[in-house]
Amino acid sequence: MHLELIAIVVAEYDPAIDFFVNTLGFDLVEDIPSLTNDGRPKRWVVVRPPGAQTGILLARADGTRQLAAVGDQTAGRVGFFLRVDDFDQAYTRMTAANVEFVTQPRTEPYGRVAVFLDIAGNRWDLLGPVENPDTTGRER
C-alpha cells in the first residue's frame, strides 16, 4: 500500500505545471484531456519529484468554493514537505528562480528547513538532512 496522489487546487494548469516542473524540478507524469462529472473539459495533470512514488494532481479550481481554497488548502499551515539531499543547493536554486521563502533557513532536530510558497500560495517545508559536525567540531 502507498499513497499515490494528493491534489493541489490551482488557478490554472499551465502556470502550475511550469512552477512544479521548471522551478521545482518535478517530472510531468501525465497531462491528459478529461471531463468533469457533468461533461465539461478539464485535464488530468500529475507531477512528482524524480524517483518518488507519490504524485501531485494539479486540479484546476472549478467554482467559487474551489477558487477560495487556492493557496489555503491547509488553513495557512505548512501542509506539504519537500525533502532534498542537498538543502543549500536546492535553496540557492529555488531562490534564484524567485521562489518566495517566508522563513529563513534554520536547523531543527529533524533537519534543515525553510518555508516557501508554491504558485498557489500554499506553504511548504523545504527539508534537508540534519547537519552533522565535522571532525573539527564545526558544523558543515
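Which of (1) of a type outside the set (V, I, T); (2) within 18 Å of L126 (Cβ to Cβ); (3) in contact with a helix residue (DSSP H, G or I) (Cβ under 9 Å, 6 or more places away or on another chain) is the odd one out, the single condition R60 does not satisfy?
For R60, the exception is condition (2).
Those residues that are in a loop (DSSP other than H, G, I, E, B) and touching a Leu at 6+ places or on another chain (Cβ under 9 Å), I need them from segment 69-119; list them, please.
Taking segment 69-119 and keeping what is in a loop (DSSP other than H, G, I, E, B), we get 70-77, 84-86, 97-100, 102-105, 109-110, 118-119.
Matches in segment 69-119: G71, V84, A97, V99, E100, V102, P105, Y110, D118.
Taking segment 32-65 only, how many residues are among the polar types (S, T, N, Q) and open to solvent by less than 80 Å² (accessible area, probe 1.4 Å)?
Pass one, segment 32-65, residues among the polar types (S, T, N, Q): 34, 36-37, 53-54, 64.
With the extra rule that they be open to solvent by less than 80 Å² (accessible area, probe 1.4 Å), the set shrinks to 34, 36, 54.
Selection size over segment 32-65: 3.
Find the residue count for segment 2-31, including only residues that are of a type outside the set (F, W, Y), outside any strand (DSSP E or B) and open to solvent by less than 60 Å² (accessible area, probe 1.4 Å).
7
The values are calculated or read from the model by the stated rules, or taken from the named source; none is laboratory data. Since this is a predicted model, take the numbers as computed values, not measurements. Cβ: placed from backbone, ideal geometry, glycine included. Neighbour counts: every protein chain shown. With ligands, DNA and RNA removed, areas are computed over all heavy atoms of the protein, side chains included. Shrake-Rupley method; radii C 1.70, N 1.55, O 1.52, S 1.80 Å.
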